[in-house]
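The values are calculated or read from the model by the stated rules, or taken from the named source; none is laboratory data. These figures come from a predicted structure and were not determined experimentally. Cβ: placed from backbone, ideal geometry, glycine included. Neighbour counts: every protein chain shown.
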Number of protein chains: 2
Amino acid sequence: MELTPVTDLPEIRPGDDIAALVADRADLEAGDVLTVASTIVSKAEGRMANLEDYPVSGRAEEIAARIEAIAGEEKDPRFAQAVLEESTELLIDAPFLLTETRFGHINVNAGIDRSNVPDHDLLLLPKKPTESAERIRSGLEARGIEDVAVIVTDTCGRPFRHGQRGVALGWAGMPASRDWRGELDRDGHELGVTVQSVVDELASAANLVTGEGAGGTPAVVVRDWAFGDHAGSDELFRAVEDDLVRQALREWSIDD
Amino acid sequence: MELTPVTDLPEIRPGDDIAALVADRADLEAGDVLTVASTIVSKAEGRMANLEDYPVSGRAEEIAARIEAIAGEEKDPRFAQAVLEESTELLIDAPFLLTETRFGHINVNAGIDRSNVPDHDLLLLPKKPTESAERIRSGLEARGIEDVAVIVTDTCGRPFRHGQRGVALGWAGMPASRDWRGELDRDGHELGVTVQSVVDELASAANLVTGEGAGGTPAVVVRDWAFGDHAGSDELFRAVEDDLVRQALREWSIDD
């Protein structure tokens, strides 16, 4: 398996065609996986915003005050309002905002970025990242580049382990996970590992290559990796019923 | 960045020298990262066990009964006992056992494997995976193979997202994470992403190549990836004080 960053992409602006920009710079082949950082997908989709776009609700005022009380750092209630508007559920309100975005992804601040966004205050995540991935895949097909899977990626933190790692937000042309159920180990026992989240693993692998910051390259071509002859699934985001941690967080709140 | 599985490793037995077995089969170079699945590290370290090795405590009886009541599936109390003995804290007791292992990793069933273990019932995780990684790295050095980082890997599930992905349990020759704090984006803003868990991302990348089951290859060579000129940290496992989800789980229990 080989990962190659797509270099020399320009600063992406609203309306830019990511498929075209990548196709001009990468020698894509059938069977490749193309990962694209959500930052450039968001920019192409015009998902920039300003704090003044968010008239503050009482809920956002409360949350900002609570974060200031608990975390001891100033929180702009307009930012809290932006996070609420991108979210369907608040999992933790302080000392930081952890929410579920409208497309099911759980992240701090609904994944809203305050760096990497020229001329605006905020960069929101793509509205429907799987549709974004499908559009990029179709754009490649329209240029005669067939059978390339596309993953829209982000980085985020997680419980239990420090640090951020690459994750998938949306995908097209491949299932999200590979199902080993019913397959056997060397000794003929059924495998303990059942469902492998390959889109997240590909996003993590790509994140090693993209880097961050001024030298960052937001798209990566993965070659010589194949999903193989396994069952697949497109379920990536856990519902509350399938997630004891989400259930525990519903009943819990940190004290002021 | 290129990932190549180490093929033709034999079935690993207690006392086997993993560094020697890999060195004979892989053309390792300075700067490479070698990932090794914890299953073969455990086998080399003799971490097999049988259910009869675990006289059952009252706590294990209770847990097995509770899992049977809630999950409706039979649970051997000796298995629950084995999990308790590998753990320092129980985060969830039913419908499955989620614990912190003695080296800080949080996983279902303390990572004890019931497949991939010939002639025994159970395969426990390595006792101190970072020491295991250091031993493998020293073993390579003793064969004249210098400057190869080693990561002992596992797969495990996570809250919020379905499926398992590769994670690091121990590492040697590189820091666990890369710290971007203070570095700037293209526009001169400080980066939002601060700490990147590179050992986990490398473990995830390797897991795409190893596969599971009869055709699985438990070691992978990562070439042309470099940690680069960044600050690093070896903190990977969150302490309770740094983890609101662990705090929430401490106060929460599913009803019978």
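Here are a few things to note about the model shown:
- Qualifying position, being in contact (Cβ under 8 Å) with a residue 60 or more places away in the chain, more than 26 Å from A:Asp234 (Cα to Cα) and either in the same structural domain as A:Asp17 (by the TED database) or not in a helix (DSSP H, G or I) (or both), among A:Ala94, A:Ala69: A:Ala94
- Pair list, Cβ < 9 Å and 6+ apart or interchain, from the range A:113-129 residues that are more than 14 Å from A:Gly46 (Cβ to Cβ) to residues that are among the basic types (Lys, Arg) and modelled with pLDDT under 95: A:Asn116/B:Arg186; A:Asp121/A:Arg114
- Conditions (1) touching a residue at least 24 places away in the same chain (Cβ under 8 Å); (2) not in a strand (DSSP E or B); (3) not hydrophobic (A, V, I, L, M, F, W, C): number failed by A:Glu141: (1)
- Residue that is surrounded by the most Cβ atoms within 10 Å (Cβ to Cβ) [pool: residues in the range B:135-176 that are hydroxyl-bearing (Ser, Thr, Tyr) and within 23 Å of B:Gly111 (Cα to Cα)]: B:Thr153
- Strands (runs of 3 or more DSSP E) completely within the range A:177-256 that count 1 or more residues being modelled with pLDDT of 75 or more, surrounded by 22 or more Cβ atoms within 10 Å (Cβ to Cβ) and under 20 Å from the mean Cα position of the chain (by Cα): A:177-179, A:219-223
- Residues that are crowded, with 20+ Cβ neighbours inside 10 Å, small (Gly, Ala, Ser) and at positive phi within the range B:68-115 comprise B:Ala110, B:Gly111, listed in sequence order.
- Per-region count, the range B:144-154, residues over 30 Å from A:Ala239 (Cβ atoms) and part of a strand (DSSP E or B): 4
- The residues of the range A:120-134 that are in a loop (DSSP other than H, G, I, E, B) and surrounded by 18 or more Cβ atoms within 10 Å (Cβ to Cβ), listed by number, are A:Asp121, A:Leu124, A:Leu125, A:Pro126.
- Set A:Asp16, A:Asp93, A:Asp8: member being within 30 Å of A:Val220 (Cα to Cα), of a type in the set (Asp, Glu) and at pLDDT below 95: A:Asp8
- Filtered residues of the range A:1-52 (kept if more than 14 Å from every other protein chain (Cβ to nearest Cβ), assigned to a strand (DSSP E or B) and surrounded by fewer than 21 Cβ atoms within 10 Å (Cβ to Cβ)): A:Ala49
- Residue in the range A:167-174 that is within 11 Å of chain B (Cβ to nearest Cβ), part of a strand (DSSP E or B) and out of contact with any Asp or Glu (no Cβ under 7 Å at 6 or more places or on another chain) present: no
- Top-ranked residue of the range A:155-166 - restricted to ones that are assigned to a loop (DSSP other than H, G, I, E, B) and facing chain B (nearest Cβ under 7 Å), ranked as nearest to B:Glu100 (Cα to Cα): A:Phe160
- From the list B:Ser138, B:Ser132, the lone residue that is touching a Pro at 6+ places or on another chain (Cβ under 8 Å), closer than 23 Å to B:Leu169 by Cα and in the same structural domain as B:Pro175 (by the TED database) is B:Ser132.
- Boolean, A:Arg137 is under 16 Å from the mean Cα position of the chain (by Cα) and either at the interface with another protein chain (Cβ under 9 Å from one of its Cβ atoms) or within 20 Å of A:Trp225 (Cα to Cα) (or both): no
- Checked against (1) farther than 22 Å from A:Ala203 by Cβ; (2) facing chain B (nearest Cβ under 9 Å), A:Leu98 passes all but a single condition, namely (1).
To keep it simple, each residue is scored yes or no on (1) in contact with an Asp or Glu (Cβ under 7 Å, 6 or more places away or on another chain); (2) more than 9 Å from chain A (Cβ to nearest Cβ).
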position: B:Ala80; (1), (2): no, yes
position: B:Val83; (1), (2): no, yes
position: B:Ser87; (1), (2): yes, yes
position: B:Gly111; (1), (2): yes, yes
position: B:Pro118; (1), (2): yes, no
position: B:Pro129; (1), (2): no, yes
position: B:Glu146; (1), (2): no, yes
position: B:Thr153; (1), (2): no, yes
position: B:Ser177; (1), (2): no, no
